[in-house]
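See structure below.
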Amino acid sequence: MALQLHNSLTRKKETFIPLDDRHVRMYVCGPTVYDSAHIGNARPVVVFDTLAKLLRRLYPKVTYVRNITDVDDKIIEAARQTHEDIFSVSARYSRQFHEDMQALNDSGPDKEPRATDHIPEMVAMIDQLMVRGFAYLEAGHVLFSVSEMESYGSLSGHSREELIAGARVEVAPYKRDPADFILWKPSVDGQPGWDSPWGYGRPGWHLECSAMSKKHLGLTFDIHGGGQDLIFPHHENEIAQSVCAHDGMPFVRYWMHNGYLTVDGEKMSKSLGNFYTVRQLLKEGWHGETIRLALLKAHYRQPLNFSLKALSEAKSELDRLYGALRTESSDDIRDQNHFGPDRDVQSALENDLNTPEALSKLHSLASSIYQVSEDSDLKREVRGRLRASASLLGLLQVDPEIWFRSGSVSQVGLFDDSKIEDLIDRRNKARAERDFQKADEIRDVLAAENIHLEDGPHGTRWKRG
């Protein structure tokens, strides 16, 4: 089927038709690096990484851009509290973000521009807006004049009154209209800044993405993604800046937004004790693939309720999928590289990135593997298609034996791998000598350490948990 995507701008699902059918261009709003990434930050990363994997399957070239916001009032405040400069803070949390997202099997963008590397482009865009009458200077601030753009609000679909209320705008004497937003603001009292025609200062947040996307993808590109919370004011303001700076040239053809994330049915909040960072979950022993699967369980446009129970369920699902691959040989894995994804799995993803349906099809593939005889060409083919299909979702990326032996921090006891293997060898020797009492005792010792054995035609395998 042709790729179908829900366009937030038109509020309907549409057939995706790129500007250039040999080169798809996509921009996704990246992190503001002032703290560790929480599980809500991870959802758009996983969603749009999955979309990028699908696009690369369908088109010869994809340029996926995801920015780093490394100058922002939140970063300035974090630096003040730790007595650092903003570049030290942003470097530390950028590095953490990369490490944490890689653990979730995020392939990363093709380009990752940083806001502080694009100040000249931002200054040039402000200048264009001022020349065209869409921006004005007041009290050292340059602001976008919302009243000058008739179509402002088309993405969010709100009335002017709703937009002003929703923006929670600051009442400022330098604004001609409450809805006007900042393009450039003065930096004082040691705040970071850059020279500009309007004085020493720094850019507004919305302006950064407009300038970076233009530089790396052009005036008009195919897809812009982000969380639902960014529709207004951030994405609305991006449209205003980019369209008005370039004589009405279209900005983005397809807008995509993932739904909100709650934790145990409530908004995530440190005060409620339901606030999870990706780094925290990884340190607690949850595998990155487990977290990724939990984030893919709901359709990307729907709300997602995250919980430790959901993580446990995702771990069980992955155990079953990895179990279907567990008796593969290295030759099998090498031979399977030429198999493509299952048509049903890919079709589900082509239907507006329907990951719940795609996961259901993955489980059907795994079930069919259990029904095929060992060491058959058909079994190798189905396993190959299962691996290729799962790779579109960023899953089943580790060796099955490593998966089952990794367990979690809470499950790992006193026995390391070599100790476990030694006990299994002693148990097998006892069984060969028909000393079943001793063999059972060794099994019980391992079970007490949460090590479970599986005897089969290929010998004894084990897993934690």
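The values are calculated or read from the model by the stated rules, or taken from the named source; none is laboratory data. These numbers were taken from a predicted model, which means no experiment stands behind them. Here the Cβ positions follow ideal geometry from the backbone for every residue, glycine too, while neighbour counts run over all protein chains shown. All accessible areas refer to the heavy atoms of the entire protein, side chains included, with ligands and DNA or RNA removed. Shrake-Rupley method; radii C 1.70, N 1.55, O 1.52, S 1.80 Å.
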Subject >> Dipole-positive endmost among Val45, Met26, Ile76 within segment 17-113 (Cβ charges, Cα centre) >> reply: Met26
Original post:
Mind listing which trypsin sites (Lys or Arg not before Pro) in segment 166-243 are in a DSSP loop and have 12 or fewer other Cβ atoms within 10 Å?
Top reply: Arg168, Arg176
**OP:** Over 18 Å between C-alpha atoms is what I'm after, so list which of Lys111/Lys185; Lys53/Lys283; Lys74/Lys185 land there.
**Re:** Lys111/Lys185; Lys53/Lys283
Subject >> Separation of the Lys12 and Ser154 label points, Cα + 7 Å toward Cβ, nm >> reply: 1.6 nm
**OP:** Please give the length that would be gained between Thr220 and Asp440 if that part of the chain were fully extended, namely 0.36 nm times their separation in residues minus their C-alpha to C-alpha distance (nm, one decimal).
**Re:** 72.4 nm
**OP:** Towards the positive end of the charge dipole of the chain, with charges on Cβ (+1 Lys, Arg; -1 Asp, Glu), say which of Gln280, Trp194, Gly133 has the farthest Cα.
**Re:** Gln280
Original post:
Tell me, how many Å apart are the Cα centres for segment 243-300 and for segment 221-241?
Top reply: 15 Å
Original post:
Stokes-Einstein D for the chain at 10 °C, 1.306 mPa s, Kirkwood Rh over Cα pairs, in µm²/s?
Top reply: 64 µm²/s
Original post:
So what is the 222 nm mean residue ellipticity for the chain from helices alone, if each DSSP H run of at least 4 adds -39500 (n - 2.57) and you divide by all residues, rounding to the nearest 500 deg cm²/dmol?
Top reply: -13500 deg cm²/dmol
Original post:
Label point 7 Å out from Val131 along Cα-to-Cβ: which residues of segment 232-262 have amide N under 17 Å?
Top reply: 241-249
Original post:
Hey, what's the Cα Rg ratio for segment 1-155 versus the globular rule of thumb, 2.2 N^0.38 Å?
Top reply: 1.25
**OP:** Please give the solvent-accessible surface of Arg301 in Å², to the nearest 10, using a probe radius of 1.4 Å with every protein chain present.
**Re:** 80 Å²
Subject >> Per residue convex hull volume, Cα atoms of segment 143-246, in Å³ >> reply: 134 Å³
Original post:
Assuming R0 = 30 Å, what is the FRET efficiency of Ser312 and Ile402, from their Cβ-Cβ distance, to the nearest 0.05?
Top reply: 0.90
Original post:
Extension gain Lys429-Lys111, at 0.36 nm per residue separation less the Cα-Cα distance, in nm?
Top reply: 108.9 nm
**OP:** Hey, could you get me the Stokes-Einstein D for segment 87-217, Kirkwood radius over alpha-carbon pairs, 25 °C and 0.890 mPa s, rounded to whole µm² s⁻¹?
**Re:** 146 µm²/s
Original post:
Ranked from highest to lowest mean number of other Cβ atoms within 10 Å per residue, what is the order of the peptides 239-245, 223-229, 305-311, 262-268?
Top reply: 239-245, 223-229, 305-311, 262-268
Subject >> Isotropically averaged projected area of segment 215-257, using the convex hull of Cα atoms (one quarter of hull area), nm² >> reply: 2.8 nm²
**OP:** Could you size up the charge dipole of segment 83-139 around its Cα centre, putting +1 on the beta carbon of Lys and Arg and -1 on that of Asp and Glu, and report it in debye to the nearest 20?
**Re:** 100 debye
Original post:
Going by the alpha-carbon gyration tensor, a ≥ b ≥ c the square roots of its eigenvalues, is segment 223-332 rounded (a/c under 1.5) or, if a/c is not under 1.5, prolate (a/b greater than b/c) versus oblate?
Top reply: oblate
Subject >> Rel. contact order, % - alpha carbon contacts under 8 angstrom, at least six apart, the chain >> reply: 16 percent
**OP:** Please tell me the relative contact order of segment 1-155 in percent, rounded to the nearest whole number, where contacts are Cα pairs under 8 Å and at least six residues apart.
**Re:** 22 percent
